[in-house]
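Here is the structure we will look at, set down as structure tokens.
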Amino acid sequence: MAGIRKEFYISALIGAVSGFVVGSVVFLWKGNLLQGVSIAVSILLAIITACFLGVLVPTLIRTFRVDPKIAAGPIVLATADIVTLLFYFTVANWLLG
């Protein structure tokens, strides 16, 4: 449990910094605060989710006695990509209407 908490803190920090940097660039480039916030929040949520998927999927695959090196990478990447798009479109729709 302590490992998951540590992973969450690290991914939240990386997501917050990455989201802030990219959101700031979007704000300076486009001059629209809501667009920058939308991108920043999407990046934050996507990085946290990708981190959890990177921990959760290999653990679940290991419980079925399958080698996690074979299946975990493609499953985590595909799922993280789908979830990232869903976050982006949902946050953008919510903020930008």
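Structural descriptor for the chain: relative contact order 29 percent, calculated from alpha carbon pairs under 8 angstrom and at least 6 residues apart.
If the chain linking LEU56 and VAL83 were pulled fully straight, counting 0.36 nm for each residue of separation and taking away their Cα-Cα distance, it would gain 8.3 nm. Simple rule: put +1 on each Lys or Arg Cβ and -1 on each Asp or Glu Cβ in the chain, find the dipole, and look at ALA40, LEU86, GLY15; the Cα lying farthest toward the positive end is GLY15.
Phi angles of the stretch 43-53 translate, via the Karplus equation with coefficients 6.51, -1.76, 1.60 and θ = phi - 60°, into HN-Hα couplings of 5, 4, 5, 5, 5, 4, 5, 4, 5, 5, 5 Hz per residue; Gly and Pro are given as x. Helical runs (DSSP H, four residues minimum) scored at -39500 (n - 2.57) apiece and divided by the length of the chain put the mean residue ellipticity at 222 nm at -33000 deg cm²/dmol.
Note on the chain: with a GNM built from Cα contacts shorter than 10 Å, the maximum mean-square fluctuation among GLY19, GLY36, GLY73 falls on GLY73. Taken about its Cα centre, the chain carries a charge dipole of roughly 180 debye when the Cβ of each Lys and Arg holds +1 and the Cβ of each Asp and Glu holds -1. Hand me the chymotrypsin sites (Phe, Trp or Tyr not before Pro) from the chain located in a DSSP loop with no more than 11 other Cβ atoms within 10 Å, in residue order please. Listed in order of number, the matching sites are PHE64. If the segment from ALA16 to LYS69 were pulled out straight at 0.36 nm per residue, it would be longer than the present Cα-Cα gap by 16.2 nm.
Bear in mind these aren't lab numbers, they're just calculated from the coordinates by the rules spelled out. Because the structure is a prediction, the values reported are computed rather than measured. A quick note on method: Cβ atoms are made from the backbone with ideal geometry, for glycine too, and the neighbour counts reach across all protein chains shown.
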